[in-house]
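Undergrad: First, the structure itself, so that you have it in front of you.
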Amino acid sequence: SKSANSEKVYKVGVDTTYPPFEFKEGDEYKGIDIELINAIAKNQGFEIELSPMDFGGIIPAMQANQLDVAIAGMSITDERKKIVDFSTPYFDAGLIVVVKEDNTTIKSADDLKGKKVAVKKGTTGAKYAVDNAAKLGIEVVQFNDSPAMFQEVSNGNADALIEDYPVISYAIAQKDLGLKLVGDRLNGDQYGIAVLKGENKELLEKINNGLAELKKDGTYDKILKTYLGE
Ligand code: GLN
């Protein structure tokens, strides 16, 4: 039997609130990311401890060696690959523009000229908005978490927001946010589990092996079904 003291406990960065991937219910964290990383750890025999934080703080925390792993609906990007190594992709997402339900003038990103667009700090949505601000003619306002960003458009302070398709779809289905999706997805972001580049080769191998096993034995599908239905 193993000694608790000699076992390394990997610190896992998760977003504070990003349903259906991670969210707090009572004192407990739940969601697809939470169940996946727990199942991978169990399958591969390693210990984890969750460390919830604003998404924008996760990559900096990894660089500062405060985290070993991140699973946070984090999109695999070339920019991030300079800092972290990603697992094989585990979920297809992609960005989408969202407006108030009664808005009839904004039908896609092309209709955002002169509009105020809310995004979340450090995300691919924020990067898309900032990179295309001049081209689209938008003003970008940045928030620390997704609920604050949703609220900004719900209450009319911003005209639109950019969020991951599965996350905003889930939020709209769960709550009466008074929001709707418009246009096609802006990209084909895929989620990956991140470990600090070069330093955790063995851990990344375990994560990839665990992910493959959970896909094979049906656990992955079962977790998705729990949160997304059929
Ligand atoms: N998928 C997006 C990104 O990686 C948003 C992630 C998040 O908000 N948790 O930037």
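The values are calculated or read from the model by the stated rules, or taken from the named source; none is laboratory data. Given the structure is predicted, the values throughout are model-derived calculations rather than measurements. In this analysis, Cβ positions are derived from the backbone assuming ideal geometry, glycine residues included, and neighbour counts consider all displayed protein chains. For accessibility, only protein heavy atoms count, side chains too; no ligands or nucleic acids. Shrake-Rupley method; radii C 1.70, N 1.55, O 1.52, S 1.80 Å.
Undergrad: Residues in segment 130-138: is at least one surrounded by fewer than 21 Cβ atoms within 10 Å (Cβ to Cβ), at negative phi and small (Gly, Ala, Ser)? Even if it seems obvious, please write down each step before you answer.
TA: Pass one, segment 130-138, residues surrounded by fewer than 21 Cβ atoms within 10 Å (Cβ to Cβ): 130-137.
From what's left, at negative phi: 130-136.
If we keep only those that are small (Gly, Ala, Ser) as well, we get 133-134.
Yes, there is a match, as at least one residue in segment 130-138 is surrounded by fewer than 21 Cβ atoms within 10 Å (Cβ to Cβ), at negative phi and small (Gly, Ala, Ser).
Undergrad: Is segment 201-211 home to any residue that is surrounded by 13 or more Cβ atoms within 10 Å (Cβ to Cβ) and either β-branched (Val, Ile, Thr) or at positive phi (or both)?
TA: Looking through segment 201-211, at least one residue is surrounded by 13 or more Cβ atoms within 10 Å (Cβ to Cβ) and either β-branched (Val, Ile, Thr) or at positive phi (or both).
Undergrad: Could you please find all residues in segment 101-118 being out of contact with any Asp or Glu (no Cβ under 8 Å at 6 or more places or on another chain) and not in a loop (DSSP other than H, G, I, E, B)?
TA: Of everything in segment 101-118, those that are out of contact with any Asp or Glu (no Cβ under 8 Å at 6 or more places or on another chain) and not in a loop (DSSP other than H, G, I, E, B) turn out to be Ala109, Asp110, Asp111.
Undergrad: Are any of the residues in segment 95-116 within 12 Å of the ligand (Cβ to nearest atom) and within 17 Å of the chain's Cα centre (by Cα)? Full working, then the answer.
TA: Within segment 95-116, the subset within 12 Å of the ligand (Cβ to nearest atom) is 95-96.
Add one more test, that the residue is within 17 Å of the chain's Cα centre (by Cα), and what stays is 95-96.
Looking through segment 95-116, at least one residue is within 12 Å of the ligand (Cβ to nearest atom) and within 17 Å of the chain's Cα centre (by Cα).
Undergrad: Anything in segment 119-169 that is out of contact with any strand residue (DSSP E or B) (no Cβ under 8 Å at 6 or more places or on another chain), within 15 Å of the ligand (Cβ to nearest atom) and charged (D, E, K, R)? List them, or say none.
TA: Selection gives Lys127, Asp131.
Undergrad: Now a separate question. Test Gly122 against the criterion of being over 23 Å from Tyr227 (Cα atoms), in contact with a helix residue (DSSP H, G or I) (Cβ under 7 Å, 6 or more places away or on another chain) and open to solvent by 30 Å² or more (accessible area, probe 1.4 Å), and give yes or no. Working first, answer last.
TA: Values: over 23 Å from Tyr227 (Cα atoms): yes; in contact with a helix residue (DSSP H, G or I) (Cβ under 7 Å, 6 or more places away or on another chain): yes; open to solvent by 30 Å² or more (accessible area, probe 1.4 Å): yes.
It is true that Gly122 is over 23 Å from Tyr227 (Cα atoms), in contact with a helix residue (DSSP H, G or I) (Cβ under 7 Å, 6 or more places away or on another chain) and open to solvent by 30 Å² or more (accessible area, probe 1.4 Å).
Undergrad: Right, something else. Would you be able to say whether some residue in segment 188-200 is of a type in the set (Lys, Arg), open to solvent by 60 Å² or more (accessible area, probe 1.4 Å) and within 21 Å of Ile59 (Cβ to Cβ)?
TA: yes
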